[in-house]
2 protein chains.
Amino acid sequence: MKKIINEPSNVVDEMLDGFVYANGDRVKRIEDTTVIAQKDIQLNKVALVSGGGSGHEPAHAGFVGQGMLQAAVSGEVFTSPTPDQVFEGIKAADAGAGVFLIIKNYTGDVMNFDMAKELAEAEGINVDYVIVDDDIAVEDSTHTAGKRGVAGTVFVHKILGAAADRGYSLHDLKQLADRLVLNVKSVGVAMTAATVPEVGKPGFTLADDEMEYGVGIHSEPGYKRTAIKSAEEIAAELTAQLKKAFDFQTGQEYALLINGLGATPLMEQYILANDVNKQLSNEAIAIPYKKVGNWMTSLDMNGVSLTMLKLEDDWVELLNHPVSVTDW
Amino acid sequence: MKKIINEPSNVVDEMLDGFVYANGDRVKRIEDTTVIAQKDIQLNKVALVSGGGSGHEPAHAGFVGQGMLQAAVSGEVFTSPTPDQVFEGIKAADAGAGVFLIIKNYTGDVMNFDMAKELAEAEGINVDYVIVDDDIAVEDSTHTAGKRGVAGTVFVHKILGAAADRGYSLHDLKQLADRLVLNVKSVGVAMTAATVPEVGKPGFTLADDEMEYGVGIHSEPGYKRTAIKSAEEIAAELTAQLKKAFDFQTGQEYALLINGLGATPLMEQYILANDVNKQLSNEAIAIPYKKVGNWMTSLDMNGVSLTMLKLEDDWVELLNHPVSVTDW
């Protein structure tokens, strides 16, 4: 296993300390927890809290800062954080106007964030939440009832973060969030599986000439294993899946996120972006917002995902709202 | 070869088109060239131009924008851009106050950027330059006389970019640049070699249990091949090399860059950051500026490098000067 680590059981703790060492001007770690919280949280704005298993960096700690998340809670690698940790995150983030939770749709995350919500409400903190289930690849997967939450979550962070920064109430954020999750869809492809440090070998095996469409960010099964395709063919397949799921209509506007899964060079992500452009330029839709890079990774997985968000109202403006976070 | 590409001979052209597709609000591609230039360049400020072989993304196009580079010129993968391409970059960037070139120390780059400088001067554009040679691992390497230019170049971009944005003259930029390159040093480690698309196999071979210290960003030889070490041991070795090269003195201040080489997850980079902190906290020096991420990669190489810059004057302020680029 070629990883730059020490004890495999200690990777999350050391990573969080390293993250705060590097970004201590903006964030702090709440002592004896896995919570990374924004320093100098502005009072009387709704605070956003997200998180989940580790191994998806820069998600979620890289998005902590003004205009996006006020706290991120990390579980062990590919493992939901416990309710008490999420509760610590809620307490650290709360600035008097309530806390909004952004949860990726995995059974453990949904259960544990919900329990944390109850703990917080018992202490008088107003809490609401949204569950992101943007992965159109498969229904019901290894850790999930329904669809999985993947890179589309990043758009949800960004837009809700901007709205909260503009002073939206908890009620208004909930309404916006419900519309966002209906409008965001993702699908990916993996060339290799991720290797969890404590396991020491890849989560599944793909032959040297194989890849798999629709793999999840914890190496959950996809929908089609095939010989390695060109960037052009991959773009055609992924955009066709999104086109079918959205049912593209003339005049619609979308935001596009191309997301590297951890070990895929930016060069390849931009080559894919070029082919996605060729595919989408055949459609009568517009793409006024695009973003390419590593946002929701899966450790050392080689692969990419495509996310599209059907735009409504002022969402482009919210996507362009300034943020002060480590990774945007 | 598991790469998301089309024709291996066409990767640079398609990547540049994909880059402009994604970031067209900020940059443009100069037609029939490999130049990515800032849109809306401010008049009467010295323009910064850098570049080199492709395969180091986000360097250099990801640093194009106000406050950093006004143009980036791409060669083929791991191959210097030709003088005429660099000349096109200079012309695209010039805003009436001259152009400053930032060149990584490789024989081809130095020769071709120098020829481009002469072409530009013949057309009446004032040009000056600096050569960055920050890699302390080895003297004289595969493509280099003297030391190689690696991730320290990113600090040079950032600080000179801020100074140019503040109105420094060509003469003042040259003086600042000469001090910067004397004060910046880097050293890295590779777990795997990079695979150039047109070659189709890694530039060298490391066994499953091997790594190599001091490998260059084009898979040039390092200084020591060894069994895989822990993050703690790697941090100790790399910081010891830097300590020796700088001869740390009480009260000195440094900026620190931890740079992923392309396929190394952020989790591992932050774990290493934590161990680097432990090593450096034993020294009587301060680190008021730190940055972790993929800045100067080597395609799909798995590895990291450490850069330190001994700080003078207002350099931290220049590091923190706002920029509008894709990757910072």
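Observations
- Among the residues making up region B:1-32, a single one is among the polar types (S, T, N, Q) and either in contact with a Leu (Cβ under 9 Å, 6 or more places away or on another chain) or part of a loop (DSSP other than H, G, I, E, B) (or both): B:6.
- Checking each residue in region A:194-214 for being open to solvent by 40 Å² or more (accessible area, probe 1.4 Å) and either part of a loop (DSSP other than H, G, I, E, B) or touching a Cys at 6+ places or on another chain (Cβ under 7 Å) (or both) picks out A:198, A:199, A:201, A:203, A:205, A:207, A:208, A:209.
- Any chance residue A:262 is farther than 22 Å from residue B:10 by Cα and more than 12 Å from every other protein chain (Cβ to nearest Cβ): no
- Of the residues examined, residue A:167 is not one that is within 14 Å of chain B (Cβ to nearest Cβ), surrounded by fewer than 24 Cβ atoms within 10 Å (Cβ to Cβ) and out of contact with any Gly (no Cβ under 9 Å at 6 or more places or on another chain).
- Taking every residue in region B:275-293 that is at the interface with another protein chain (Cβ under 9 Å from one of its Cβ atoms) and buried (at least 19 other Cβ atoms within 10 Å of the Cβ) and pairing it with any residue that is assigned to a loop (DSSP other than H, G, I, E, B) and of a type in the set (Asp, Glu), at least 6 positions away or on another chain, the pairs with Cβ-Cβ distances below 8 Å are B:293/A:327.
- Residues of region B:165-193 that are in a loop (DSSP other than H, G, I, E, B) and within 19 Å of residue B:69 (Cα to Cα): B:166, B:167, B:168, B:169.
- The listed residue being within 21 Å of residue A:48 (Cβ to Cβ) and over 20 Å from the mean Cα position of the chain (by Cα), out of A:209, A:178, A:247, A:172: A:172
- Those residues of region A:50-94 which are assigned to a loop (DSSP other than H, G, I, E, B), open to solvent by 10 Å² or more (accessible area, probe 1.4 Å) and more than 13 Å from chain B (Cβ to nearest Cβ), in sequence order: A:70, A:79, A:80, A:82, A:94
- Residue among A:220, A:317, A:268 that alone is more than 21 Å from residue A:63 (Cβ to Cβ) and at pLDDT 95 or above: A:268
- Meets criteria (assigned to a loop (DSSP other than H, G, I, E, B), closer than 24 Å to residue B:133 by Cα and among the β-branched types (Val, Ile, Thr)) for residue B:292: no
- Within region A:240-256, the set of residues being more than 21 Å from residue B:22 (Cα to Cα) and open to solvent by less than 30 Å² (accessible area, probe 1.4 Å) comprises just one member, A:246.
- Screening region B:138-162 for residues that are surrounded by fewer than 24 Cβ atoms within 10 Å (Cβ to Cβ) and touching a residue at least 60 places away in the same chain (Cβ under 8 Å) and picking the one that is farthest from residue B:214 (Cα to Cα) gives B:162.
- Only one entry in A:272, A:256 is without any contact (Cβ under 8 Å) to a residue 60 or more places away in the chain and either in a helix (DSSP H, G or I) or within 24 Å of residue B:299 (Cβ to Cβ) (or both), namely A:272.
- Residue that is of a type in the set (S, T, N, Q), at the interface with chain B (Cβ under 7 Å from one of its Cβ atoms) and touching a residue at least 24 places away in the same chain (Cβ under 8 Å), where the choices are A:297, A:326: A:297
- Region A:1-42 - residue that is touching a Gly at 6+ places or on another chain (Cβ under 6 Å) and surrounded by fewer than 19 Cβ atoms within 10 Å (Cβ to Cβ) and, of those, farthest from the other protein chains (Cβ to nearest Cβ): A:26
- Summed over region A:300-323, residues that are in a strand (DSSP E or B), open to solvent by 30 Å² or more (accessible area, probe 1.4 Å) and within 9 Å of chain B (Cβ to nearest Cβ) total 0.
- If the condition is being aliphatic (A, V, I, L, M) and outside any helix (DSSP H, G or I), then region A:147-164 contributes A:150, A:151.
- Failed criterion for residue A:127 (all others in (1) in contact with a Gly (Cβ under 8 Å, 6 or more places away or on another chain); (2) modelled with pLDDT under 95; (3) more than 27 Å from residue A:258 (Cβ to Cβ) hold): (2)
The values are calculated or read from the model by the stated rules, or taken from the named source; none is laboratory data. These numbers come from a predicted model, not from an experiment. Positions of Cβ are backbone-derived with ideal geometry, glycine not excepted, and every protein chain shown enters the neighbour counts. Note: accessible area is taken over every heavy atom of the protein model, side chains too, but ligands, DNA and RNA are not part of it. Shrake-Rupley method; radii C 1.70, N 1.55, O 1.52, S 1.80 Å.
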